[in-house]
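Colleague: Dropping the structure in here first, questions after.
The values are calculated or read from the model by the stated rules, or taken from the named source; none is laboratory data. On a predicted model such as this, the values are computed, not experimentally measured, just so you know. Glycine gets a Cβ as well: all are built from the backbone with ideal geometry, and neighbour counts include every protein chain shown. Quick note on the areas: whole protein, heavy atoms, side chains included, nothing else; ligands and nucleic acids left out. Shrake-Rupley method; radii C 1.70, N 1.55, O 1.52, S 1.80 Å.
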Amino acid sequence: MAQYAVLIWERETPNGVADIPPEVLAAHESLPDRIAEHGGREVAGMGFEPSSVSTSIRGDMVTDGPFVETKEALAGVFVIEARDLDHAIELARLTPIVDGGVEVRPLLGFEVAGEG
C-alpha cells in the first residue's frame, strides 16, 4: 500500500487545543480504528503547537512565527497507508475538522519493511 500524509489545517484560536470541542478530540483519538475499518492504516499521527511558537527559516533569515499570516494554520499531520489516492482521500475525509480542512499528499521514497 502507498503512504500519504494528511495535513490538518484549522483556524487557530487563542487557547489552541483547549478550544477544540471534546467530541472532536475524541473523534481524533478514534481515527486509527475508523481508518482501519475502511481498509487503511494510520502509521503515525501528531498535533502541532500553535504557529505563534514556530520558528521559520528562509535562506539565512530565522524568524519567530510562520512565514505568512493565514486564517488557517497547520494543526497536525498523520501518515496513512491506502490502496491509492482515491482511497487516501476517502480515509482523510474521516478526519474531524472544526473550522478548516485537510490536505492529502503522497509520500515519496518510502518502502515498507518486508515488502518488495
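Colleague: Using the structure shown, decide if ILE80 is among the β-branched types (Val, Ile, Thr), without any contact (Cβ under 8 Å) to a residue 60 or more places away in the chain and either outside any loop (DSSP other than H, G, I, E, B) or in contact with a His (Cβ under 9 Å, 6 or more places away or on another chain) (or both). So that I can check it myself, show each step before the final result.
Modeller: Values: among the β-branched types (Val, Ile, Thr): yes; without any contact (Cβ under 8 Å) to a residue 60 or more places away in the chain: no; either outside any loop (DSSP other than H, G, I, E, B) or in contact with a His (Cβ under 9 Å, 6 or more places away or on another chain) (or both): yes.
Here the answer is no, as ILE80 does not meet what is asked.
The rows are residues; the columns are (1) of a type in the set (Ser, Thr, Tyr); (2) in contact with a helix residue (DSSP H, G or I) (Cβ under 8 Å, 6 or more places away or on another chain); (3) surrounded by 12 or more Cβ atoms within 10 Å (Cβ to Cβ).
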residue	(1), (2), (3)
GLN3	no, no, yes
GLU12	no, yes, yes
PRO21	no, no, no
HIS28	no, no, yes
GLY40	no, yes, yes
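Colleague: Against the conditions (1) touching a strand residue (DSSP E or B) at 6+ places or on another chain (Cβ under 9 Å); (2) open to solvent by 70 Å² or more (accessible area, probe 1.4 Å); (3) at pLDDT below 90, where does MET46 fall short? Just the number, please.
Modeller: Among (1) touching a strand residue (DSSP E or B) at 6+ places or on another chain (Cβ under 9 Å); (2) open to solvent by 70 Å² or more (accessible area, probe 1.4 Å); (3) at pLDDT below 90, the lone unmet condition for MET46 is (3).
Colleague: Sticking with this one: Restricting attention to the stretch 57-77, which residues are among the hydroxyl-bearing types (Ser, Thr, Tyr) and either in a strand (DSSP E or B) or modelled with pLDDT of 95 or more (or both)?
Modeller: Let us first name the residues in the stretch 57-77 that are among the hydroxyl-bearing types (Ser, Thr, Tyr), namely 63, 70.
Hit for the stretch 57-77 is THR63, nothing else.
Colleague: I'm told ILE89 meets every condition in (1) in contact with a strand residue (DSSP E or B) (Cβ under 6 Å, 6 or more places away or on another chain); (2) within 23 Å of TYR4 (Cβ to Cβ); (3) without any contact (Cβ under 8 Å) to a residue 60 or more places away in the chain; (4) surrounded by fewer than 13 Cβ atoms within 10 Å (Cβ to Cβ) except one. Can you identify the failing condition by its number?
Modeller: Failed condition: (4).
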